[in-house]
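In what follows, a single structure is set out as C-alpha cells and then discussed.
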Amino acid sequence: MEYNFTEIEKKWQKKWAEAGVFNAENNSKKPKYYVLSMFPYPSGPLHMGHASNYSIGDAITRYKMQQGYNVLQPIGYDSFGMPAENFAILNNSHPSITTENNIKIMREQFQMLGIAIDWSRELATSRSNYYHWGQWLFKKLYENGLVYRKSSWVNWCDECQTVLANEQVEDNKCWRCDSEVRQKDLVQWFFRITKYAEELLDFSKVIDWPERVKAMQTNWIGKSHGTEVDFPLENSEKVIKVFTTRPDTLFGVTFMALPPEHPLVTQWLTDPAVKPDLASFCQKVINEDKIARSSADTTKEGIFSGHYCLNPVNGDRVQVWITNYVLMDYGTGAVMAVPAHDQRDFEFAKKYQIDMKLVINKPDSDLVLAEMTQAYTEEGVLVNSGEFSGLPSEQSKEKITSWLAEKSMGNKTVTYRLRDWGISRQRYWGNPIPVVHCEKCGIVLVPDADLPVQLPMNVQVGKTTQNPLLSVDDWVNTPCPKCGAPARRETDTMDTFVDSSWYFARYTDPQNDKAPFDINTANYWLPVDQYIGGIEHACMHLMYARFFHKFMRDIKLVSSDEPFARLLTQGMVLKDGYKMSKSKGNTVDPQEFIDRYGADTIRVFVLFASPPEKDVEWSDDGVKGAFRFLNRLWVFFQNLPTEFKKQLPTNSADTLQPAIKDLRYSTHYTIKFIKEDYEQRMQFNTNIAALMEHFNLLFSIKDTQNLNTSEKDVYRQACLILPILLYPYAPHLAEELWEICGHTSFVHEFGELDYDPKFLQKDEVTYVVQINGKIRGKVEVSADATDDAVKQAAMQIDNVAKSLEGQTIKKIIVVKGKLVSIVI
RNA sequence: GCCGAAGUGGUGAAAUAGGUAGACGCAGUGGACUCAAAAUCCACCGAGUGCAAGCUCAUGCCGGUUCGAGUCCGGCCUUCGGCACCA
C-alpha cells in the first residue's frame, strides 16, 4: 500500500466543499474569528510566497475551527493595476480577460492547497460590483473634505506611465518596476491622510502588531514638536512663518532661507524690476530634480533676495536668501537660519560670508566663534539672548515660546513628515474617479444613481504615452450631471491601494448592492482578528487601510478603531539566499511540488522550516523530510490494530510500565505545548517538532500486544491525538487518519483537545548537579523528595563525591525539580 | 546621524520566568533488508583531549552581576530593514 496523497487530498477537498464546512455565518451567536491573508495580484499562477502566506493563515483558521469559533477566511484578488495590465499587454490580450483567467487558475490552486476558504465571498477589485463601492467611498471622502485636487510636482515612472505616491518610491526607483523615477508637474487628486496623522501614530487600539511595523509607520509619519515663529517682512504687512525645533537659538538667527517655490518668492519674481540673476537662479533650482535636491550631499547654493525681515525677539534685520536646501512641503516652507548652531546653515553662511552669532554656550567650557569649524548643535546655556541669557537650552525653549505666544508672534506647534496621499493614476486598468468636469459647474461628482462609472472595455491596452482612457471619446464625453451641458469625465483612475484599503470590510457582506456592506454585519466581523501579509506594506497598504478604517468609523460605517487587531508579517520564501524572482531565475513552482508530494507536504515544509515571521530558505531535501514524516504517519495508521482506534479514552491508572507512563506524559505535554503556543506565539515550527517528537516516542514502542488494558488505553490515546493536532498543518492527511480510526465526522468537529495537568507530574525527577556552576552529574529522585533528601542524593554521585573531596561546602542551592548547585 | 531587528553546529533551527546549549529536521557516517539501487528500518553525528570514567572549550567581541548567563546589565563589532539637507 502506498500513501496516495493525490487521491486523499482530492477526496477531502470534495467532502469539505459538499458539507460547506468553511462557510462562515454572518451575525451568528457563536464567537467569531476573522483570519485574512493579504489578497494576491492575479498576474499569473500562485508562487511560493502565496503558498507560505496561506499555509500560515490556514493553520490559524483550522485551529480556530477546532476551538469552535465561527471562522471567516475569505479570498479575493487585487485585480486592478499595473501587474494585471502588464500581464495583459505581455499576452497581447485585454486585462478583463487575462485577469479572470488568472483568477480561475489561482482559485483552482487555492483549492488544491486545501485552504479553508469561504468561496461564497470571493471578490475581485476589478469587478464592477466591487469598484462601484470604491467610487461611492471616494464620494464620501470628497463630501467630508478629505479629497482635493492640486497641481504639484509628483513622482513619475516612465516605465509604468503613471504617478507614484511617496510611499511607492524606494531609493528614487519605482517600487514595482524598479526604473528611475522623475519629477513631473501634474494636476492630481489627493486624499487628506494627514488629517489622521495624529491618530495613525496611536497603536493603543491594536491587540498585537510587530514593534517593527509600528516603528516604521511612526518614522514615516515623522511627528516633530516645535515652535512656529513670525518674522515680519521689512517695509511690508507680510510675515514669514518659520517652523523650528530650536526656539532656544532664536537670538542667533542671521539669515532667512526660503525655497524658490515659496509664494513670497513667486510674488517677488513678478516684479518687473527683479534682478535677472535672481530669476534665473530660481528657475534653475525649480527645474532640478526634487530628489537630487533633497539629498544631503547636494552642494548648498543660494542667492540674496534683496529683502530683509525682522527677528521678533530682538528686532535684528535678517537677510532673506533663496536657497536650494529648504523644502517647500515640510513645516512652513521657510527656515530661520542659525549658522552657529545648525550644520547646514553653518556651511551656507561660511560659503556666502554671512554673519554668525553664538547664542548657546557649552555647559562646561567656552565656545569661541572664530575657532569653530562646525556648528555647535548640542544643548547648552543661552548667551547673547537678552533676558533669556543664562538659561539652559531645554528650559529656554518653553520660555521663549510662551514669550512669543504672549506677543502673538509665535506658537507651540507640531509638524509631520507625512504627506497627503496622491491617488491619481494615469492608467487604464483602475477604478475610474467618479467625477465629471463641467466648464460651467466645475467639478461635479457622479450621482449615486449613475454609479458605478463603468470602465469602458473597448480600449486597446499597450505601451502608450498617455492615459488610454483619453482615446475613448464616447466615454470621456458625457453631459454634466448638474446642468446637462457637454462635459468631460475625469480620466485618472485610482491607485490600487485605494481598492485594498477597505476590501477586508467588503468580505463581510460581499454581495450587497445597496451599500459597500451592511453595518451590523461588518461590525460583527470587524476588526480582522488575524491579518497576515508581507512587511513591505508597512508604510503603504497597512497605513492606508488604517486611514480608511478610521474614516469609515467617522462616517459610522464601522464601529472599531483599527482594521487589523493582530498582524503577522510573514517572511519571504528564498532560494539560494535571494527572494524568488523570475528575473533572477530562482523561482520554484508550488504546483510542481503539489503534484509530486501533495499539498500537505508543502504546507508542513513551509511551516516547519522556520518561524512564520522569518524568511524560509527553500530546500528540496527539506520538502522530502516533510513528506517522510507524513508518509510515516500514514503507514503507521495503516498498520494500527483496530483496538487502538475509535474512542479517545481518559486514563488515570497508575500501574503502568515506565515506557507507557512516559508516553502518557508525552501525550499530555504535547497537547499543552501546542495549545499554549497558539495562544502565545504561533511558532508552528516548534509545534510540528513537538508532534514529531511525540510520534517518534509512540513509534519506538513496538510490543503493543502484551500491554495490559490500562496501558492499551494510554497507547490508544497517544495515537488518536495525532490527527487532531496535525489537522491545522496537514488537514487532508489528518482527516484521512481520523477516518482510518473509524470516525465519520470531520476532525474539527471533535473540538479542542485538553490535557490533564495530573499527568504532567512525574514521580521521578532528574536533578542536574552542579559544582560552582559546572555540571558534575545527574540524579533521579522521587518527585516528592525533600530538599535535604535531594542534597543527600546529589552528594552521593561518584563524580560529585570525588570533586567534593577535601573541599569546604559554602552553600547548596536546590531548585525544585531542576537542579542542585553546590558552591565550594 | 536617528529608529528598529538580528548574530547559536556542516545546515534550517530549538532552548516559553536566569537553571542539562544544539530539541526537531536536513545533510553526512556506519549497519540491516536487496543481485543492486531507491524506499524503509536501526545506530552515531559541536570542537579538543583521554584506554576509559571523565575533563576542557564553545551561542559575534570585551567586561560586569550571579552558585549558575544564549537569556540580565555596561561597552563595542558586524549584518539586515526603515527614516534622513525634516529646520
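Values quoted throughout were computed directly from the atomic coordinates according to the rules given, and no laboratory measurement underlies them. Predicted, not measured: the structure shown is a model, and the values here were computed from it. Note that each Cβ is placed from the backbone with ideal geometry, even for glycine, and that neighbours are counted across all protein chains shown.
A:Q657: net charge of surrounding residues, Cβ under 14 Å, Lys/Arg +1, Asp/Glu -1, itself excluded?
Residues near A:Q657 contribute -3 overall.
Do any of A:K214/A:K351; A:K29/A:K550; A:K284/A:K550; A:K184/A:K556; A:K284/A:K582 go past 32 Å between their Cα atoms, and which?
A:K214/A:K351; A:K284/A:K550; A:K184/A:K556; A:K284/A:K582
Using a 10 Å cut-off on Cβ atoms, rank the peptides A:155-166, A:486-497 from the highest mean neighbour count down.
In decreasing order of mean packing, A:155-166, A:486-497 become A:486-497, A:155-166.
Given the options A:I443, A:S500, A:W421, identify the residue whose Cα lies farthest towards the positive end of the charge dipole of region A:357-514 (+1 on Cβ of Lys, Arg; -1 on Cβ of Asp, Glu).
So the residue we want is A:I443.
Calculated FRET efficiency, A:V768 and A:E676, Cβ-Cβ r, R0 22 Å, to nearest 0.05?
Taking R0 as 22 Å, the efficiency between A:V768 and A:E676 is 0.35.
Given the DSSP H assignment, sum -39500 (n - 2.57) over each helix run of at least 4 residues in chain A and divide by its residue total; what's the result at 222 nm in deg cm²/dmol, nearest 500?
-11000 deg cm²/dmol
Using a 7 Å offset from Cα along Cα-Cβ at A:Q638, what residues in region A:720-758 end up with backbone N under 18 Å from the label point?
Taking a point 7 Å out along Cα→Cβ of A:Q638, the residues of region A:720-758 whose backbone N falls under 18 Å are A:723, A:732-742.
Please list the equivalent ellipsoid semi-axes of region A:465-555, computed as the square roots of five times the alpha-carbon gyration tensor eigenvalues, in descending order and whole angstrom.
33, 20, 11
Kindly write out, for region A:570-583 in residue order, the coupling ³J(HN,Hα) from the Karplus curve 6.51 cos²θ - 1.76 cosθ + 1.60 (θ = phi - 60°), rounded to whole Hz, with x marking Gly and Pro.
Going residue by residue, I get 7, x, 8, 9, 9, 9, 6, x, 10, 4, 5, 8, 4, 5 Hz, with x marking Gly and Pro.
Taking every alpha carbon pair in region A:674-770, what does the distance histogram look like in 5 angstrom bins from 0, in percent?
Percent of pairs per bin, in order: 2, 10, 17, 21, 21, 15, 7, 4, 1, 1, 0.
What order do you get for A:576-586, A:714-724, A:620-630 when each peptide is scored by the mean count of other beta carbon atoms within 10 Å, highest first?
Packing proxy ranking, top to bottom: A:714-724, A:620-630, A:576-586.
What's the extension gain from A:D518 to A:T298 if we count 0.36 nm per residue and subtract their Cα-Cα distance?
Additional length available on full extension: 73.8 nm.
Mind checking which aspartates and glutamates have their C-alpha under 15 Å from A:K624, skipping anything on the same chain fewer than 8 residues away?
Excluding near neighbours in sequence, the set is A:E592, A:D595, A:D600.
Taking every pair of alpha-carbon atoms in chain A, give the share separated by more than 46 Å as a whole percent.
Percent of Cα pairs beyond 46 Å in chain A: 44.
For region A:153-169 and region A:445-495, write down the distance between their C-alpha centroids in whole Å.
If we compute the Cα centre of each part, the gap is 22 Å.
Applying 1/(1 + (r/R0)^6) with R0 = 41 Å to the Cβ-Cβ distance of A:L760 and A:D621, what FRET efficiency is obtained, to the nearest 0.05?
0.70
Dipole magnitude of region A:576-724 about its Cα centre, charges +1 at Lys/Arg Cβ and -1 at Asp/Glu Cβ only, in debye to the nearest 20?
220 debye
If you line up the Cα atoms of region A:1-93 on their principal axes, what length do they span on each, largest first, in Å?
47, 46, 23
Once you treat every alpha carbon in region A:109-179 as an equal point and sum by Debye, what is log10 I(q)/I(0) at q = 0.16, 0.27 Å⁻¹?
Summing over Cα pairs of region A:109-179 leads to -0.92, -1.07.
Quick check: residue separation of A:K412 and A:N235 times 0.36 nm, minus the Cα distance between them. What number comes out in nm?
Length gained, A:K412 through A:N235: 61.0 nm.
Work from the charge dipole of chain A (Cβ charges, +1 for Lys and Arg, -1 for Asp and Glu, about the Cα centre) and give the residue of A:T266, A:Y578, A:H225 farthest towards its positive end.
About the Cα centre, the residue reaching furthest to the positive side is A:Y578.
With labels modelled as points extended 7 Å from the Cα through the Cβ direction, what inter-label distance (nm, one decimal) is found for A:S610 paired with A:D366?
Label at A:S610, label at A:D366, 5.9 nm between them.
Quick check on packing: order A:427-437, A:544-554, A:9-19, A:113-123 by the mean number of other C-beta atoms within 10 Å, highest mean leading.
Output ranking for A:427-437, A:544-554, A:9-19, A:113-123: A:427-437, A:544-554, A:113-123, A:9-19.
For chain A, with only Lys/Arg (+1) and Asp/Glu (-1) charged at the beta-carbon, what is the dipole magnitude about the Cα centre, in debye rounded to 20?
Here the size comes out at about 520 debye.
Quick one: plug the Kirkwood hydrodynamic radius of region A:292-349 (C-alpha pairs) into Stokes-Einstein at 20 °C, 1.002 mPa s, and report D in µm²/s.
Here the translational diffusion coefficient equals 171 µm²/s.
How fast does region A:517-666 diffuse by Stokes-Einstein, in µm²/s, taking the Kirkwood radius from C-alpha pairs at 25 °C and 0.890 mPa s?
For the chosen part, D equals 121 µm²/s.
Please give the length that would be gained between A:S28 and A:D784 if that part of the chain were fully extended, namely 0.36 nm times their separation in residues minus their C-alpha to C-alpha distance (nm, one decimal).
Net length gain for the segment: 267.2 nm.
Given a Förster distance of 30 angstrom, what is the FRET efficiency for A:Q705 paired with A:S745, based on the Cβ-Cβ distance and rounded to 0.05?
With a Förster radius of 30 Å, E is 0.55.
Could you tell me the center-to-center distance, by alpha carbons, between region A:589-668 and region A:534-560 in angstrom?
39 Å
Projected onto the charge dipole of chain A (+1 at Lys/Arg Cβ, -1 at Asp/Glu Cβ, origin at the Cα centre), which of A:N155, A:P339, A:V285 gives the Cα projection farthest towards the positive end?
Of A:N155, A:P339, A:V285, it is A:N155.
Using only Cα atoms, locate the centre of region A:85-116 and the centre of region A:710-727, then give the distance between them in Å, rounded to an integer.
Comparing the Cα centres of region A:85-116 and region A:710-727, I get a distance of 43 Å.
Would you mind giving the average projected area, over all directions, of the Cα convex hull of region A:384-512 in nm² with one decimal?
Result: 16.4 nm².
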